[in-house]
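Participant: Could you have a look at this structure, given as C-alpha cells, before my questions?
The values are calculated or read from the model by the stated rules, or taken from the named source; none is laboratory data. For clarity, every value in this text was computed on a predicted model and none was experimentally measured. All Cβ positions, glycine included, derive from the backbone under ideal geometry; neighbour counts span all protein chains shown. These area figures cover heavy atoms from the full protein model, side chains too; ligands, DNA and RNA do not enter into them. Shrake-Rupley method; radii C 1.70, N 1.55, O 1.52, S 1.80 Å.
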Amino acid sequence: LSQATTEPPKKKPDPVTSETVVIWGLRLWQVIGIFAIFVLAVIITLCCIFKCRIPRTKKEIEARYAQRQAAKTYADKLDTVPPLNELTEIPGGIS
C-alpha cells in the first residue's frame, strides 16, 4: 500500500514588490532611491571637477572657438617677449 502524505504543499516565495525588505531593514524602493542619489551625486561631482559643459547653440560654439584661438595667439606672443630684466634697468642695480 502506498501511504498518503499529509505534508502541506511547498509555499511559493513572496513576490518581490517595492515594499520587500532587501538589506539592513530597508525596503526595495529605499535602496533604489539611495543608490540613485549616490549615482547622481557622483555625476554632479565629476561634472564640477572636470568642466564638461555642453555648448547649447552654434553661437556659443563659435564664441568658444574664437576664445581658444585668441588665448593660443596670446600665449604664442607671450613666448616671444624677452624677460623683464632685459627690457628695463633696475634702479640701484649693477650695470
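Participant: On each of the three principal axes of the Cα atoms of the range 28-77, give max minus min coordinate, whole Å, ordered largest first.
Facilitator: Extents along the principal axes, in whole Å: 60, 23, 6.
Participant: With a 1.4 Å probe and all protein chains kept in place, how do ARG27, ARG68, ARG56 rank by accessible area, largest first?
Facilitator: My answer, sorted largest first, is ARG56, ARG68, ARG27.
Participant: I would also like to ask the following. 7 Å from Cα along Cα→Cβ at both ILE32 and LYS12: what's the point-to-point distance in nm?
Facilitator: Each label point is offset 7 Å from its Cα along the Cβ direction, giving 2.1 nm.
Participant: If I ignore ligands, DNA and RNA and count only protein heavy atoms, how much of LEU40 is accessible to a 1.4 Å probe, in Å² to the nearest 10?
Facilitator: 100
Participant: Also, I was wondering about something else. Provide the per residue accessible area, probe 1.4 Å, for the range 28-77, rounded to a whole number of square angstrom.
Facilitator: Value returned for the range 28-77: 95 Å² of accessible area per residue.
Participant: How much of THR88 can a 1.4 Å solvent probe reach, expressed as accessible area in Å² and rounded to 10?
Facilitator: Surface open to solvent at THR88 totals about 70 Å².
Participant: Students sometimes get this wrong: rank LYS12, LYS58 by accessible area, probe 1.4 Å, all chains present, largest first.
Facilitator: Per-residue accessible area, sorted high to low, gives LYS12, LYS58.
Participant: What is the dipole size for the range 28-77, taken about its Cα centre, with +1 at each Lys and Arg Cβ and -1 at each Asp and Glu Cβ, in debye to the nearest 20?
Facilitator: Rounded to the nearest 20 debye, it is 280 debye.
Participant: Test of the criteria: in the range 18-74, which GluC sites (Glu not before Pro) are in a DSSP loop and have at most 10 other Cβ atoms within 10 angstrom of their Cβ?
Facilitator: GLU19
Participant: Next question, about the same structure. Of the accessible area of the range 28-77, with the probe set at 1.4 angstrom, what percent is carbon plus sulfur?
Facilitator: Solvent-exposed carbon and sulfur of the range 28-77 make up 72 percent of the total.
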